[in-house]
Amino acid sequence: MHYPLQDMVPETEANAKPRTRRSRWVLLLLLPYLGLCFPLVYARSTPELWGFPFFYWYQFVWVMLASGLLAIVYRKLKT
């Protein structure tokens, strides 16, 4: 059976295996996981920051850090 769209794809691309990217930059994404994985470390009320207990602002800081790390990893893998 002949498929007309196969003629449009160069032969090298049609037979090529998909490339997998393995980069050490992805390991940066483990930091937020490890930082929030052990609540015994941050499940306390002191020190407070602007009236917020440590438990809340610690997690909020990790949300911002994780967003920054995702942006860095995305840009490094994009190139």
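The values are calculated or read from the model by the stated rules, or taken from the named source; none is laboratory data. These figures come from a predicted structure and were not determined experimentally. Reconstructed Cβ throughout: ideal geometry from the backbone, glycine too, with neighbour counts over all protein chains shown.
Brief remarks follow.
- P10 vs. criteria modelled with pLDDT of 90 or more and over 20 Å from Y74 (Cβ atoms): no
- Subset of segment 46-69 that is at pLDDT 90 or above and of a type in the set (S, T, N, Q) - its residue that is surrounded by the fewest Cβ atoms within 10 Å (Cβ to Cβ): S67
- Residue tally, condition part of a helix (DSSP H, G or I), among the small types (G, A, S) and in contact (Cβ under 8 Å) with a residue 12 or more places away in the chain, over segment 20-79: 2
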